[in-house]
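Asks: First the structure, then my questions, so here it is.
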Amino acid sequence: MNEVYEAIRQTLQAGAHAQTLPEMFQYGFVANALLCGLLIGPLLGGIGTMVVVKRMAFFSQAIGNAAMTGVGIGVLLGESVAAPYYSMFGFCLLFGLLLNYTRNHTKLTQDTLIGVFLAVSLALGSSLLLFVSAKVNTHILEAVLFGSILTVSDTDINVLLAVALLCALVGLPLFNQMLLSSMNPSLARVRGVPVHLLEYVFVVMITLLTVACVKIVGAVLVEALLLIPAAAARNLISSVRGFVLTSIVLSTVSCLAGIYIPMRWDLAVPSGGAIILIAAMFFLLTTVARAVFGRFREARA
Amino acid sequence: MRGPTVHFSRVNLNLGGTRILEDVTFSIAPGEIHALVGPNGGGKTSLVRSLLGEMPHEGEITIAWQESTILGYVPQALDLDRTLPISVADFMAMISQRRPAFLGMNRQVRESSQHALQRVGLENKSRRKLGDLSGGERQRLMLAQALMPAPALLVLDEPAAGMDEAGETLLERLLVESAQAGTTVLWIAHDLGQVRRIAHGVTCLNRTVQFHGRATELLTNERVRAAFGLQALRAQEVAELTP
């Protein structure tokens, strides 16, 4: 795949030299960043709709926090600081599956349980990260928390691409069943849907996705990108098709704009922050639109 | 089509130290409409959920399937997030095809789901959001999905909840049609008048089986009073129920 990325980078660079594209495209990392944006936008926007329906935003936040611990463990175990993927995937999968198992086997309410897990993962992650960043490089913390798009490597794109393909291959054929089991588990079971298994499959999907996006959006902000575009889409839409497509478009536009705008105007803000701020702007607009148009509709009726 | 015989044999269910069902034994003949009645909290829904394999019950529940093993289920009032952007058509797509609902329906599914919606009078509401349906309309939708594809065993948990009179008549007609086609129907009912009109068999459940047999013979004044407790029924209701 690296040759493909290289070809894309060279095409963009040629465009920049010929001045058909903005000057910033002469840099390889800009092309990398935009490639990532094009991958995570649709992915997070699409899967975000399911996160919203299943009310799992808080759950994915906990997984995001666990990714910090994953990075810490990776550095301690001697993985590369820039790509401690084994530790991140390993720890986050363990964390996500344990959280889901506990959720199924406890009488605690969901928000209490996830709140505890979230707090523990944040405490553990921040302690471990501060501990290792004192030894390695203080910028790790910032990069892990809020994303660091400038340092995206071909490895990162490969990981992201693999996760995107896996999520599409598994998620698309199971979409209807997952939706039905979150609406009414009994009905889903009667129709032969393996409700519990699908729950675990979905947890694995969000976990892989979160880890693959940490580099670009940041551990604490991935959850926001799963939640906000889908929530914004839901404000306006009344069909599944519109919901998923709008969420994908809003998420992709947020990613691309959040990557492009800080680079274009030399703003020293992290990519994750910029992406989420733009997504949040969409949410605000759609909420206002819903309030205004909703009132018109009611007045007419 | 021939529906299955359903046999409950010494079914017990304990939840959190409370005995919900005790020694429940009765059978439902193939192709009959069997009403399950009894006071609230008497264990009707728990028995149905045991039948569906969702409760840790003791004893045996056998479904003697004939040629088809399709089970239709109408859950108790579908409770959902009203803001979910899922339309009636999306819901039908979701339950009947593998292709993700957001990519639209294939033609066959579109035709069969339109037909199912027609049967329950929702054909003009396919673009309506689920959250915008009335309680009765949502129950009609649940009926439509349970009949798609035609089930050999149809299990309904208070399907008439929230339905208007037209809805109740429709429900009766659909149950009778299904039974005539051979479907075995197990129906949790609260309107004893309806039960008397269309049910063949009836079981009254209040933790234990209070009575079981032919609907027309069994729903007599004394039995109903005894099973529900005299307070629970107004005199007028009792008068309507008894021959």
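The values are calculated or read from the model by the stated rules, or taken from the named source; none is laboratory data. If you're wondering where the values come from, they're calculated on a predicted model, not measured in any experiment. Methodologically, a virtual Cβ is constructed for each residue, glycine included, from the backbone with ideal geometry; neighbour enumeration extends over all protein chains shown. Just the protein is used for accessible areas: all its heavy atoms, side chains included, with ligands, DNA and RNA removed. Shrake-Rupley method; radii C 1.70, N 1.55, O 1.52, S 1.80 Å.
Asks: Mind checking which residues of the stretch A:215-227 are open to solvent by less than 10 Å² (accessible area, probe 1.4 Å) and not in a helix (DSSP H, G or I)?
Replies: Those that are open to solvent by less than 10 Å² (accessible area, probe 1.4 Å) and not in a helix (DSSP H, G or I): A:GLY218, A:ALA219.
Asks: Quick one: count up the residues across the stretch A:58-84 that are open to solvent by less than 20 Å² (accessible area, probe 1.4 Å) and part of a helix (DSSP H, G or I).
Replies: Within the stretch A:58-84, residues that are open to solvent by less than 20 Å² (accessible area, probe 1.4 Å) and part of a helix (DSSP H, G or I) number 14.
Asks: Checking B:PRO56 against (1) open to solvent by 30 Å² or more (accessible area, probe 1.4 Å); (2) touching a residue at least 40 places away in the same chain (Cβ under 8 Å); (3) farther than 24 Å from B:PRO151 by Cα; (4) not assigned by TED's automatic domain parsing to the domain that holds B:ASN12, which test does it fail?
Replies: (4)
Asks: Among the residues of the stretch B:115-159, write down those that are charged (D, E, K, R), within 13 Å of chain A (Cβ to nearest Cβ) and under 18 Å from B:ALA179 (Cβ atoms).
Replies: Passing the criteria: only B:ASP157.
Asks: Can you confirm whether the stretch B:210-232 contains a residue that is assigned to a helix (DSSP H, G or I), modelled with pLDDT of 85 or more and assigned by TED's automatic domain parsing to the domain that holds B:GLU22?
Replies: No; the residues of the stretch B:210-232 include none that is assigned to a helix (DSSP H, G or I), modelled with pLDDT of 85 or more and assigned by TED's automatic domain parsing to the domain that holds B:GLU22.
Asks: Continuing with the same structure: Can you spot a residue in the stretch B:177-188 that is of a type in the set (D, E, K, R), under 30 Å from B:ALA215 (Cβ atoms) and more than 14 Å from every other protein chain (Cβ to nearest Cβ)? Even if it seems obvious, please write down each step before you answer.
Replies: Kept after step one, since they are of a type in the set (D, E, K, R), are these residues of the stretch B:177-188: B:177.
Narrowing further to those that are under 30 Å from B:ALA215 (Cβ atoms): B:177.
So of that shortlist, the ones also more than 14 Å from every other protein chain (Cβ to nearest Cβ) come out as B:177.
Within the stretch B:177-188 (the criterion being of a type in the set (D, E, K, R), under 30 Å from B:ALA215 (Cβ atoms) and more than 14 Å from every other protein chain (Cβ to nearest Cβ)), the answer is yes, since at least one residue qualifies.
Asks: On the given criteria, is A:ALA279 surrounded by fewer than 24 Cβ atoms within 10 Å (Cβ to Cβ), at pLDDT 90 or above and not β-branched (Val, Ile, Thr)?
Replies: Here the answer is no, as A:ALA279 does not meet what is asked.
Asks: Just one of (1) closer than 30 Å to B:SER126 by Cα; (2) more than 7 Å from every other protein chain (Cβ to nearest Cβ) trips up A:VAL253, so point out which.
Replies: It fails just one condition, (1).
Asks: Kindly provide the set of residues from the stretch A:264-276 that are over 14 Å from A:GLY147 (Cα atoms) and either open to solvent by less than 100 Å² (accessible area, probe 1.4 Å) or in a loop (DSSP other than H, G, I, E, B) (or both), ordered by number. Lay out the reasoning, then the answer.
Replies: Initial filter on the stretch A:264-276 (over 14 Å from A:GLY147 (Cα atoms)): A:264-267.
Listed by number, the residues that qualify are A:TRP265, A:ASP266, A:LEU267.
Residue-by-condition table, conditions (1) in a loop (DSSP other than H, G, I, E, B); (2) touching a residue at least 40 places away in the same chain (Cβ under 8 Å); (3) hydroxyl-bearing (Ser, Thr, Tyr):
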site: A:LEU166; (1), (2), (3): no, yes, no
site: A:GLY171; (1), (2), (3): no, yes, no
site: A:SER186; (1), (2), (3): no, no, yes
site: A:LEU198; (1), (2), (3): no, no, no
site: A:VAL201; (1), (2), (3): no, no, no
site: A:CYS213; (1), (2), (3): no, yes, no
